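Let me begin by presenting the structure, written as structure tokens, before commenting on it.
The values are calculated or read from the model by the stated rules, or taken from the named source; none is laboratory data. Being a predicted model, the structure only gives us computed values, none of them experimental. Note that each Cβ is placed from the backbone with ideal geometry, even for glycine, and that neighbours are counted across all protein chains shown. In case anyone asks, the SASA skips ligands and DNA or RNA and just uses the protein heavy atoms, side chains included. Shrake-Rupley method; radii C 1.70, N 1.55, O 1.52, S 1.80 Å.
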Amino acid sequence: MNYEGKKRIWSEFQKEIPDDRYFYARSCIRQNFNPGAEQAFLDIVRNRFGKDFYEDPLHTTCGGIAYHSDTTPEETSMTIIARQFSLMNQAGYRNFVVSCVTSFGLHTEILQTWEEHPEIEAKIHELLWKACKREFTKPDFLMHSSDMMYHYRFLISEQARYPLINVHTGEPLKVVEHIGCHYSKIFPSKSVGGAEYPRVLAGLVEALGGSVVDYPERRHCCGFGFRQYLVKANRGYSLTNTYKKFESMEPFHPDLIITNCPGCNYFLDRWQYVIAETSGKTYGDTPGYGIPVLSSEEVSALVMGYDPWDLGLQMHQVAVEPLLDKMGVQYDKSRKYKGVGGKDLGIPASPANIRIF
Amino acid sequence: MGKIYERLMSDVRLQEGLKACINCGTCTAVCPAAEFYRYNPKNIVNIVQTQDDDEIIKLLKSDTIWYCGECMSCVTRCPRTNAPGQVIIALRTLSVELGYFVESEKGRQQYALAKVLCGNILNYGYCVHPETFKYAAHPEYGTVGKWIEDHLQDVYDRVGANYGKSGPGPLRKIAPESLEDLRKIFDVTGGSARVEKIKALSRKKAEEMGLSEEEYFNEVFNETHGEHLNQ
Ligand code: SF4
Ligand code: SF4
């Protein structure tokens, strides 16, 4: 084998990730559905690894979901993103981290378009000035939150309290990694590992002790499709594509699905519930349970010993308990659905065919 | 070369995303929309490349261009580095600009999308927000989603979100000056004009169909009539 040649080919898919001083842009979807994951992510990088990670409360949505639902012109998102860059400049940072994959794809595309069409960037400078009296310079580095988890995977592994190993069998947990389409399918060279063999989640899973499942529909879209999910009349598109993935991964008996996109996470979680309630079918290897679906931040935090309920894992529909038990995580079952200070919030209704605890 | 084709080609996404197609069908083979809907991205690329305005206008008035999920799976695999998904975005943009989107059932859904998503951005500073993402319209949110909705502040407080409050953190209240910035950005970049256009043309269509605005919203959001599925 020509090792040098291989190295050269893969060098295109290595991603340089700076080691400190990050500016954070939150994800609309993650904030709604799994806000604990964002908090754990910041806490890990800031407090476990001692890095400077800044969040400016004045930042907003990038408008990515509206753009990909064809309701806004690209200039609108370009200018909103230029405003976020301006906030980053003002705070004295050069490394921009986004938590949403749609947003990461859009940032990447916009930076690429500006590179190839400086006249468009010049126009956005004018528009931002006209709207907000702000100026901006582009970031030196653009990262997705999963890039950061990949970058810090060996540090996470050093602090691992519950690695991705089945404590009953001593075997690595079987993990399906699902990468959001817009992470690397548009601009493979801006990701860790490219679009055909992305390493961003696989590298993290392996560093934490798990083994990655290769299955036929591994790279198939989760089925979000923007308008295909957001409009109720189209939602069968989303469900059908997720169903296709589950049918394809089922023979491999995964213990866990790890995602980097907050949208994919929601769909792979919630459509399991819909499949169970409409057809009776569940995909977990414990009868009556689904396959837990966690983000790269949630998996990292769990491995590092964060309490699952502080992390907000109760906000997933598919019960995570079978996974916690396999990992040997210590947790208090009775606190799952409690509020601050143990406040009684009742419990969610039990679905007919898929268990929630 | 037709005028509509010329206008389409002025879109930078089309300049970058359309070279001579070799009809290999790779895009269609990997396309999640092509399996579900009567949809074939290869044919879309072909029609655009005919440069035939009549054919392109038919496309702009059809359901077809609204079937794509903009996943961009086709972009990775096209041996000609074409981007059928980007061609679709350019076609949809033109369909709205020329007012053709109201001619198809799937195109009319732009009314619901623009109203909800741009409303969320301008009113809350988020694309998705708990005030408008409701279990009733999203039953797949599940029993856990219903429980979250019923105990919204308590659940968000429990997991460390900053729901509805000032300062940083998840779901923080976006400050009025930031919302004002977003509104001004919408105004100067054509965002507001696009939304207004979608709303005005939709109101006209609703009238034609004998529906009130609310009935029209419910119709486009909930109902499906045509033969869309690839069975
Ligand atoms: S972007 Fe559209 S055309 Fe391309 S693969 Fe995805 S759904 Fe199909
Ligand atoms: S993959 Fe590319 S070359 Fe092949 S049919 Fe699609 S657009 Fe044409």
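The figures follow:
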item: Residue that is farthest from A:Phe53 (Cα to Cα) [pool: residues in segment B:148-159 that are within 7 Å of chain A (Cβ to nearest Cβ) and open to solvent by 10 Å² or more (accessible area, probe 1.4 Å)]; result: B:His151
item: Selection status of B:Glu35, within 15 Å of ligand 2 (Cβ to nearest atom), in a helix (DSSP H, G or I), open to solvent by 40 Å² or more (accessible area, probe 1.4 Å) and facing chain A (nearest Cβ under 10 Å); result: no
item: Check on A:Asp214, under 19 Å from B:Val30 (Cα atoms), modelled with pLDDT of 95 or more and of a type in the set (Asp, Glu); result: yes
item: Filter pass, A:Glu38 being crowded, with 24+ Cβ neighbours inside 10 Å, among the acidic types (Asp, Glu) and either under 26 Å from A:Gln314 (Cβ atoms) or within 12 Å of another protein chain (Cβ to nearest Cβ) (or both); result: yes
item: Every pair of residues 6+ apart whose Cβ atoms lie under 9 Å, when the first sits in segment A:131-156 and is on the phi > 0 side of the Ramachandran plot while the second is open to solvent by less than 40 Å² (accessible area, probe 1.4 Å); result: none
item: Pairs with Cβ under 6 Å, 6+ apart, first in segment B:185-211 and in contact (Cβ under 8 Å) with a residue 12 or more places away in the chain and more than 12 Å from chain A (Cβ to nearest Cβ), second in a helix (DSSP H, G or I) and among the hydrophobic types (A, V, I, L, M, F, W, C); result: B:Leu201/B:Val102; B:Lys205/B:Val102
item: Qualifying positions in segment B:115-129 - facing chain A (nearest Cβ under 7 Å), of a type in the set (A, V, I, L, M, F, W, C) and either assigned to a loop (DSSP other than H, G, I, E, B) or touching a residue at least 12 places away in the same chain (Cβ under 8 Å) (or both); result: B:Cys118, B:Ile121, B:Cys127, B:Val128
item: Where A:Tyr54 falls short, out of the listed (1) outside any helix (DSSP H, G or I); (2) open to solvent by less than 20 Å² (accessible area, probe 1.4 Å); (3) in contact with a strand residue (DSSP E or B) (Cβ under 7 Å, 6 or more places away or on another chain); result: (2)
item: Any hit, segment A:101-117, residues being in contact with a helix residue (DSSP H, G or I) (Cβ under 7 Å, 6 or more places away or on another chain) and within 7 Å of another protein chain (Cβ to nearest Cβ); result: yes
item: Matching residues in segment B:130-144 - criterion: being more than 7 Å from chain A (Cβ to nearest Cβ) and either surrounded by 20 or more Cβ atoms within 10 Å (Cβ to Cβ) or over 19 Å from A:Arg227 (Cβ atoms) (or both); result: B:Glu131, B:Tyr135, B:Ala136
item: Filter result for B:Ile4 (away from ligand 1 (no atom under 16 Å from the Cβ), open to solvent by 50 Å² or more (accessible area, probe 1.4 Å) and either β-branched (Val, Ile, Thr) or touching a helix residue (DSSP H, G or I) at 6+ places or on another chain (Cβ under 7 Å) (or both)); result: no
item: The listed residue being polar (S, T, N, Q), outside the structural domain of B:Leu201 (by TED's automatic domain parsing) and closer than 20 Å to A:Ser238 by Cβ, out of B:Thr64, B:Thr76; result: B:Thr64
item: Filter result for A:Asn34 (over 16 Å from the mean Cα position of the chain (by Cα) and at negative phi); result: no
item: Residues (at positive phi and more than 8 Å from chain B (Cβ to nearest Cβ)) located in segment A:46-70; result: A:Gly50
item: A:Leu294 being away from every other protein chain (no Cβ under 11 Å), in contact with a Leu (Cβ under 7 Å, 6 or more places away or on another chain) and either in a strand (DSSP E or B) or closer than 20 Å to B:Glu149 by Cα (or both); result: yes
item: Candidate set: segment B:55-74, residues that are assigned to a loop (DSSP other than H, G, I, E, B) and open to solvent by 20 Å² or more (accessible area, probe 1.4 Å); chosen: the one nearest to ligand 2 (Cβ to nearest atom); result: B:Ser62
item: Meets criteria (touching a helix residue (DSSP H, G or I) at 6+ places or on another chain (Cβ under 9 Å), open to solvent by less than 10 Å² (accessible area, probe 1.4 Å) and either away from ligand 2 (no atom under 15 Å from the Cβ) or under 19 Å from B:Arg13 (Cα atoms) (or both)) for B:Gly99; result: no
item: Leading residue by the ranking (farthest from ligand 2 (Cβ to nearest atom)) among those in segment B:1-31 that are under 11 Å from B:Gln86 (Cβ atoms) and not acidic (Asp, Glu); result: B:Val12
item: Flag for A:Glu177 being within 14 Å of chain B (Cβ to nearest Cβ) and among the acidic types (Asp, Glu); result: no
item: Qualifying position, being over 30 Å from A:Ala349 (Cα atoms), open to solvent by 60 Å² or more (accessible area, probe 1.4 Å) and touching a strand residue (DSSP E or B) at 6+ places or on another chain (Cβ under 6 Å), among B:Pro168, B:Pro176; result: B:Pro168
item: Long-range neighbours under 7 Å by Cβ, at least six apart or interchain, first residue more than 9 Å from chain A (Cβ to nearest Cβ) within segment B:65-92, second within 11 Å of ligand 2 (Cβ to nearest atom) and of a type in the set (S, T, N, Q); result: B:Cys78/B:Thr26; B:Pro79/B:Thr26
item: Unique residue being modelled with pLDDT under 95 and open to solvent by less than 50 Å² (accessible area, probe 1.4 Å) when the list is B:Asn162, B:Asn82; result: B:Asn82
item: Meets criteria (basic (Lys, Arg), within 16 Å of ligand 1 (Cβ to nearest atom) and outside any loop (DSSP other than H, G, I, E, B)) for B:Arg80; result: no
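Yes or no, residue by residue, for (1) free of Cβ contacts under 8 Å to residues at least 12 places away in the same chain; (2) surrounded by 18 or more Cβ atoms within 10 Å (Cβ to Cβ); (3) within 8 Å of chain B (Cβ to nearest Cβ):
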{"position": "A:Glu4", "(1), (2), (3)": "yes, no, no"}
{"position": "A:Arg8", "(1), (2), (3)": "yes, no, no"}
{"position": "A:Phe23", "(1), (2), (3)": "no, yes, no"}
{"position": "A:Ile44", "(1), (2), (3)": "no, yes, no"}
{"position": "A:Thr72", "(1), (2), (3)": "yes, yes, yes"}
{"position": "A:Thr79", "(1), (2), (3)": "no, yes, yes"}
{"position": "A:Met88", "(1), (2), (3)": "no, yes, no"}
{"position": "A:Tyr93", "(1), (2), (3)": "no, yes, no"}
{"position": "A:Ser99", "(1), (2), (3)": "no, yes, no"}
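Residues checked against (1) among the β-branched types (Val, Ile, Thr); (2) closer than 30 Å to B:Ile22 by Cβ; (3) within 12 Å of ligand 1 (Cβ to nearest atom):
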position	(1), (2), (3)
B:Gly85	no, yes, yes
B:Ala90	no, yes, no
B:Gly99	no, no, no
B:Glu103	no, no, no
B:Tyr111	no, no, no
B:Lys115	no, no, no
